[in-house]
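Q: Structure provided below as C-alpha cells; questions to follow.
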Amino acid sequence: MDLMERARDLKGELMEFAMSPRFGRAVSGAILDAFPGGMVNDEAVFSAALESFIYTQPLESGQTILQLFAETLSGSDRALLLGWSDCVQGIFESKRPYGDDGIVAFNHVDELTYRIRSNMGAEGITHLLAPGAVMVGGIVPVGDDWMISGASMGFPPEDAPAVLAGVRQLQMKNPKMVFRNPDKLEQARRLQAEQRDSFIDLYGSDLVVVPGNEVKQTMIAFYRHDYERAGNKGGPWTEPDLPDFPFTPDDKVAVIFDEEDGLGFYANFDVAHEVFANPALIIRQRYRDVVTGYLRGQDVTPVPLRRLAAQDPGKAGEVFRRLLKKKDFSWERDGEALLRKHKPDWFASPPLPRVIPV
C-alpha cells in the first residue's frame, strides 16, 4: 500500500479515536477556546484548532491524543503517526505540480518550501495546480513529503494578493510558525541581542523600574534609541504604534530585557524587591500575593524571581521557607526545581525570541 494511502486510513482512525466520548470534554474545551461565543463560523479555523489540539496539546495525563492513539499501533504506523506532532499551518503558494497528486508550494509564514500531496489523489489538488494559487491550511509529514491535513481553503492566483495580505498578522500571532525556519530563528536571536545591547546602552542596565504610566514612553524611547543606534537604515524615524499597557500610575513595573527570555514587564516589582530584602514581610498579605503571583502565574516567566533571588540567595530561601512552610527549603538547592514545577511550559523548550523578523 502507498504510504499516502496508509496515512489517509490512519488519519480517519485517529479522528474517530479523538472524537470518542473519552475526550469529549477536552475537545469541546479546545473548540470553545477557538470560538469563545460557541458559534463555529469558520471551517478552516475550526479544523486548524481541532487538529492542533489533537496533535500537540497535552491532556491532564501529560500525553496528547495523538500519542495515546499511537500507543495502539506499532512499527512504521506508530512512527508515521508520531511524526504528525510536527504539523504545519500556513499560507502556501503553489509553484508547480508534484507528481499526480501534489504540488511544490512556498509557505509565506515560515518561508520554507514543501512538497505537498493530497490523500484524496489528484482530485484533491486540482484547484491548486495553477502556479500562484494559494492554499490556507495545515500539513503533516508523510515520509519525505507532506500531506494536506484537515479542512483547507484554496484560492485562484488572482485572489492571492488579498490572501497574502494576512501573512504578517498570522506571523505576529503565531511566532512558532515563523521559527520553524532555522534561518529566521537565528536572525531573530541576533536582532534580539542587538536590541538588548541598545536597551543597556540607553538605560545602563537590562532592568529598569518605572511607574506604570511611564512604561509606554520608556519603550518608545528605547525603540528610537535602537533605531538611531542602528544608523537610521529605515529612513526617517516613525514612532511605533504601541498598545496601551495595562498598568496604573501606582504600579512600579520592572522592564527587564533578559538575555535568554527577551523583553518582559513585571508589575509590583517594588513590592517583590522589598520582601526579598526583608523576608519577614512575607507574613503580610500584599507581599504574599505578589510573590505567589510571580511563582504560580502561568504568564510570568522565571525571570523576575531569578533576578530577585540572585541578590541574596539566603534571603530568597527564607522567603520561600515562610511562604511554602518548608523549613528546609534552600533557594540554591531547590529554587530551580521549584520554578520547573510551577512553570513547566517555559522549561519544555528554549524560549523563542520575542523579536519576529517579517
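Q: Which condition from (1) modelled with pLDDT under 90; (2) under 15 Å from Met147 (Cβ atoms) is the one that Tyr98 breaks?
A: Every condition holds for Tyr98 apart from (1).
Q: Now for a different question. What is the number of the single condition among (1) buried (at least 18 other Cβ atoms within 10 Å of the Cβ); (2) more than 30 Å from Leu3 (Cβ to Cβ); (3) of a type in the set (Phe, Trp, Tyr) that Phe155 does not meet?
A: (2)
Q: Return the only residue of Leu66, Leu80 being under 19 Å from Met120 (Cβ atoms), touching a residue at least 24 places away in the same chain (Cβ under 8 Å) and not acidic (Asp, Glu).
A: One residue alone meets the criteria, Leu80.
Q: Name every residue in segment 203-213 that is out of contact with any strand residue (DSSP E or B) (no Cβ under 7 Å at 6 or more places or on another chain) and crowded, with 17+ Cβ neighbours inside 10 Å, in order of residue number.
A: Matches in segment 203-213: Tyr203 only.
Q: A further question on this structure: I need a count of the residues in segment 92-103 that are open to solvent by 10 Å² or more (accessible area, probe 1.4 Å) and within 21 Å of Met177 (Cα to Cα).
A: 2
Q: Could I ask something else about it? Among the candidates Ala48, Ala79, which residue alone is among the aliphatic types (A, V, I, L, M) and within 30 Å of Pro157 (Cβ to Cβ)?
A: Sole residue among the options that is among the aliphatic types (A, V, I, L, M) and within 30 Å of Pro157 (Cβ to Cβ): Ala48.
Q: Moving on. Restricting attention to segment 117-133, which residues are polar (S, T, N, Q) and in a loop (DSSP other than H, G, I, E, B)?
A: Ser118, Asn119
Q: Can you tell me which residue among Leu308, Leu281, Leu323 is in contact (Cβ under 8 Å) with a residue 40 or more places away in the chain and hydrophobic (A, V, I, L, M, F, W, C)?
A: Just one listed residue meets the conditions, Leu323.
Q: Scan segment 175-229 for residues that are touching a Gly at 6+ places or on another chain (Cβ under 6 Å) and of a type in the set (Gly, Ala, Ser) and report the count.
A: 0
Yes or no, residue by residue, for (1) buried (at least 20 other Cβ atoms within 10 Å of the Cβ); (2) over 18 Å from Thr301 (Cα atoms):
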{"site": "Tyr223", "(1), (2)": "no, yes"}
{"site": "Gly231", "(1), (2)": "no, yes"}
{"site": "Pro236", "(1), (2)": "no, yes"}
{"site": "Leu242", "(1), (2)": "no, yes"}
{"site": "Lys252", "(1), (2)": "no, no"}
{"site": "Phe265", "(1), (2)": "no, no"}
{"site": "Asn268", "(1), (2)": "yes, no"}
{"site": "Ala272", "(1), (2)": "yes, no"}
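Q: Among the candidates Ala49, Ala44, which residue alone is at pLDDT 80 or above, surrounded by 12 or more Cβ atoms within 10 Å (Cβ to Cβ) and among the aliphatic types (A, V, I, L, M)?
A: Step by step, each of Ala49, Ala44 is checked, and only Ala49 is at pLDDT 80 or above, surrounded by 12 or more Cβ atoms within 10 Å (Cβ to Cβ) and among the aliphatic types (A, V, I, L, M).
Q: Let me ask something additional. Restricting to segment 134-157, give me the number of residues that are in a loop (DSSP other than H, G, I, E, B) and of a type in the set (A, V, I, L, M).
A: Total satisfying the criteria: 0.
Q: Looking at Leu191, is it of a type in the set (A, V, I, L, M), open to solvent by less than 90 Å² (accessible area, probe 1.4 Å), at pLDDT below 90 and closer than 19 Å to Met172 by Cα?
A: Answer is no for this residue.
Q: Continuing with this model, one more query. When you go through Met172, Met177, Met153 one by one, which is the residue that is out of contact with any strand residue (DSSP E or B) (no Cβ under 9 Å at 6 or more places or on another chain), of a type outside the set (Phe, Trp, Tyr) and modelled with pLDDT under 95?
A: It is Met172.
Q: When the residues of segment 1-39 are filtered to those that are open to solvent by 70 Å² or more (accessible area, probe 1.4 Å) and either of a type in the set (A, V, I, L, M) or touching a residue at least 60 places away in the same chain (Cβ under 8 Å) (or both), which remaining residue is nearest to Gly138 (Cα to Cα)?
A: Looking at the filtered set, the residue picked out is Arg8.
Q: Given the conditions (1) in contact (Cβ under 8 Å) with a residue 12 or more places away in the chain; (2) farther than 13 Å from Val275 by Cβ, and given that Pro344 satisfies all but one, which numbered condition is not satisfied?
A: (1)
Q: Does segment 159-177 contain any residue that is open to solvent by less than 20 Å² (accessible area, probe 1.4 Å), closer than 28 Å to Ala230 by Cβ and out of contact with any Phe, Trp or Tyr (no Cβ under 9 Å at 6 or more places or on another chain)?
A: Checked against the condition, which is being open to solvent by less than 20 Å² (accessible area, probe 1.4 Å), closer than 28 Å to Ala230 by Cβ and out of contact with any Phe, Trp or Tyr (no Cβ under 9 Å at 6 or more places or on another chain), segment 159-177 yields at least one hit.
The values are calculated or read from the model by the stated rules, or taken from the named source; none is laboratory data. Keep in mind that what you see is a predicted model, and the values were worked out from it rather than measured. Note that each Cβ is placed from the backbone with ideal geometry, even for glycine, and that neighbours are counted across all protein chains shown. Side chains are part of the model used for accessible areas, which takes the heavy atoms of the whole protein and leaves out ligands, DNA and RNA. Shrake-Rupley method; radii C 1.70, N 1.55, O 1.52, S 1.80 Å.
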